[in-house]
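Worksheet for the structure shown next.
The values are calculated or read from the model by the stated rules, or taken from the named source; none is laboratory data. Bear in mind that the values here come from a model prediction, so they are computed numbers and not experimental data. Positions of Cβ are backbone-derived with ideal geometry, glycine not excepted, and every protein chain shown enters the neighbour counts.
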Amino acid sequence: VVLQHLEFRKHMKVDTIIDDWKPPEVIERYVAGGLCGYDREGSPVWYDIIGPLDPKGLLLSASKQDCLRTKVRDAELLRQECEKQSKKLGKYIESITIIYDCEGLGMKHIWKSAVEMYGEILTMFEENYPESLKKVLLIKAPKLFPIAYNLVKHFLREETRQKIAVLGSDWKEVLRNYVDADQLPAVYGGSMTDPDGDPLCKTMLRYGGVVPKSYYVRDSIKVKYDQCITISRGSSYQLDYEVLFPNCVLRWQFASEGSDIGFGLFLKTKGNETKKVEAMQAILPSERYNSHLVPEDGSYTCEEPGIYVVRFDNTYSVLHSKKVRFTVDVLLPEGHTGKQPLRASPTMSFP
């Protein structure tokens, strides 16, 4: 578990994510919620405001990985806030309170791709930030809430489920049992407002909204790919790329049709000619990408020469083959010019 967490921090570049990475504009503008105030014990209070959220618009405008990185960045900002509170109050603050506003929860929020996205976010938090949650106070739950909760609750540990409280019609009074009025926005039953008197506290909380189609990536970017393949159900497709010099950049772009596809990058270890990725060094462990919604574009700086394996993974699909269009380039480091000639040998494999 510790090794998995360390690999997660390395893969997500957690130690530098606050300073070195900024979420895409569409996420910053249209993901609702934020940090606002502190509970009675001094823990930060985070708001998730569900109603105005436009899951489909967001997933058509930003990659799943950008959504995950944003949540990791939020978690690290909250961890820093806990450290500041610990110093300020002279006691250890390690967890946060979440107020989950479910007003407006509708069918758009239980769209299949959105539920899968929520699941990955919840799994990421459970595996890497299990002790950071103190309490979830869920308010204004509509009739659809039990259905929505059933779709995601299996991603939560029992310990996490026990921290969730679904409040009734007296939710404003109950919130004030956890959060003093001067730390609670007026719209949620407190006395906190913006300097101009706005009870919504919009200087601290975002309220999202429908994502304009001008942000949609799938419709606005027409990428010409070098290759097109069909990967059979239950199988994977691997390409070996020989990198001849240190610090070459392996760059990829891909898009799938109709559904997501797994993608990973591996390095063959010396003296090991096996085609099984389990025996290789995982550079980017295989993840499922919503590249049918938003094309993927990434790169990796190869610090050492060797055989790098690009793998498209459809082993999890028992019913459907996947069509994938892609381009892979090896860019030469400083002191060399152009692109390295590619020596790629594709392999279709089955479990």
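Miscellaneous remarks
- Screening VAL294 on (1) among the β-branched types (Val, Ile, Thr); (2) closer than 20 Å to ILE231 by Cα; (3) surrounded by 16 or more Cβ atoms within 10 Å (Cβ to Cβ); (4) in contact with a strand residue (DSSP E or B) (Cβ under 6 Å, 6 or more places away or on another chain) shows it passes everything except condition (4).
- The residues of segment 8-47 that are surrounded by fewer than 21 Cβ atoms within 10 Å (Cβ to Cβ), among the aliphatic types (A, V, I, L, M) and over 29 Å from GLY264 (Cα atoms), listed by number, are ALA32, LEU35.
- Checked against the criterion of being charged (D, E, K, R), within 18 Å of the chain's Cα centre (by Cα), in a strand (DSSP E or B) and within 20 Å of LYS10 (Cα to Cα), segment 245-252 contains not a single residue that satisfies it.
- Segment 90-110, subset in a strand (DSSP E or B) and among the hydrophobic types (A, V, I, L, M, F, W, C), residue surrounded by the most Cβ atoms within 10 Å (Cβ to Cβ): ILE99
- Each residue in segment 293-345 was checked for being at pLDDT below 75 and among the aliphatic types (A, V, I, L, M), and 2 pass.
- Matching residues in segment 1-32 - criterion: being closer than 24 Å to GLY57 by Cβ and more than 16 Å from the chain's Cα centre (by Cα): ARG29
- Residue check, TYR118 aromatic (Phe, Trp, Tyr) and crowded, with 16+ Cβ neighbours inside 10 Å: yes
- Filter pass, LYS87 being surrounded by fewer than 15 Cβ atoms within 10 Å (Cβ to Cβ) and either under 18 Å from GLY208 (Cβ atoms) or modelled with pLDDT of 95 or more (or both): yes
- Residue within segment 128-147 that is assigned by TED's automatic domain parsing to the domain that holds ALA186, surrounded by 13 or more Cβ atoms within 10 Å (Cβ to Cβ) and of a type in the set (Asp, Glu) present: no
- Of the candidates SER113, SER61, the single residue that is surrounded by 15 or more Cβ atoms within 10 Å (Cβ to Cβ), in a loop (DSSP other than H, G, I, E, B) and touching a residue at least 12 places away in the same chain (Cβ under 8 Å) is SER61.
- Where GLY264 falls short, out of the listed (1) under 20 Å from ARG40 (Cα atoms); (2) in contact (Cβ under 8 Å) with a residue 40 or more places away in the chain: (1)
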